[in-house]
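I'd like to ask you about the structure that follows.
The values are calculated or read from the model by the stated rules, or taken from the named source; none is laboratory data. Computed from a prediction, not measured in an experiment: that's the story for all the values here. Don't worry about glycine lacking a Cβ; one is built from the backbone with ideal geometry, like all the others, and counts go over all protein chains shown.
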Amino acid sequence: MTTDVDLEKITNEEYFDSLSEMFNSVGWQIMLAELQDSAYSLNDVQTIADEKEFRFRQGQLATIGYLMNFERTLELAEEEQAQEEEGTSSEGP
């Protein structure tokens, strides 16, 4: 199932709300558990045959790390945006 989303047309609030809904889903928790299991097995460097496989595995682990930290990254971005909006709204003429 594919959904085309135009990121230029949704508000920041819709963006963060939609992702928050995803993070609270059982599916997201299952995916994180699967990623953690994958990271554990990929982290075993003794099975790497050559540099090419090593670099490939580095990429896999980087992607897994990005996904596992995605929720926290967005939380920080949302907090930063809220602070910017607070600063903007508190500035007077």
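Hey, can you tell me all the residues within the stretch 38-75 that are over 30 Å from N12 (Cβ atoms), among the hydrophobic types (A, V, I, L, M, F, W, C) and part of a helix (DSSP H, G or I)?
A39, L42, V45, F54, F56, L61
Another one. Could you identify the single residue in A77, A49 that is out of contact with any Leu (no Cβ under 8 Å at 6 or more places or on another chain) and surrounded by fewer than 11 Cβ atoms within 10 Å (Cβ to Cβ)?
Numbers: A77 fails: surrounded by fewer than 11 Cβ atoms within 10 Å (Cβ to Cβ).
None of the others qualify; the one that does is A49.
Considering L32, L19, which residue is in contact (Cβ under 8 Å) with a residue 40 or more places away in the chain, within 14 Å of the chain's Cα centre (by Cα), surrounded by 11 or more Cβ atoms within 10 Å (Cβ to Cβ) and within 15 Å of R72 (Cα to Cα)?
Details: L32 fails: in contact (Cβ under 8 Å) with a residue 40 or more places away in the chain.
Within the list L32, L19, the selection yields L19.
Given the residues E79, E21, which is the only one that is modelled with pLDDT under 95 and acidic (D, E)?
Working: E21 fails: modelled with pLDDT under 95.
Step by step, each of E79, E21 is checked, and only E79 is modelled with pLDDT under 95 and acidic (D, E).
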